[in-house]
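Read the figures in this text as sums done on the coordinates, not as results from a lab. Keep in mind the model is a prediction, meaning the values are calculated, not measured. As a convention, Cβ positions derive from the backbone with ideal geometry for all residues, glycine included, and neighbour counts pool all protein chains shown.
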Amino acid sequence: MTPELPDVEARLARERPVPAAAFRGALGRQLAENDPGYGPRPQRLRTRVIAWLLGGEMLLALALLAALGKL
């Protein structure tokens, strides 16, 4: 680090450009209006995810047994 870095950091923090309040408000309203939302999650989502994970693990175990010649 060079000695002038803290000065640059302070200057950047002090002179940070900020968009105008009208722009920020309009942007917030536009984002809220166009937000697709994701709605509620499917019923029993955790159960489905666990089932898919267990199924994948079983397939990996079968593939390992087949590769080792135990199947």
Note down the nm distance, to one decimal, between modelled labels 7 Å out along Cα→Cβ at Arg46 and at Ala20. 5.0
Using the Karplus equation 6.51 cos²θ - 1.76 cosθ + 1.60 (θ = phi - 60°), what ³J(HN,Hα) coupling, rounded to whole Hz, does each residue of segment 24-35 give in order, writing x for Gly and Pro? 4, x, 5, 5, x, 5, 5, 5, 5, 5, 8, 5
The chain - mean residue ellipticity at 222 nm from DSSP helices (-39,500 (n - 2.57) per run, n ≥ 4, rounded to 500): -22500 deg cm²/dmol
Relative to the Cα centre, what is the charge dipole magnitude of the chain, using +1 at the beta carbon of each Lys and Arg, -1 at the beta carbon of each Asp and Glu, and rounding to the nearest 20 debye? 500
Which of the listed residues, Thr2, Gly37, Leu12, is farthest toward the dipole's positive end in the chain, when Lys, Arg count +1 and Asp, Glu count -1 at the beta-carbon? Gly37
Stretch gain in nm, segment Thr2-Leu64, where the contour uses 0.36 nm per residue and the Cα spacing is subtracted: 16.7 nm
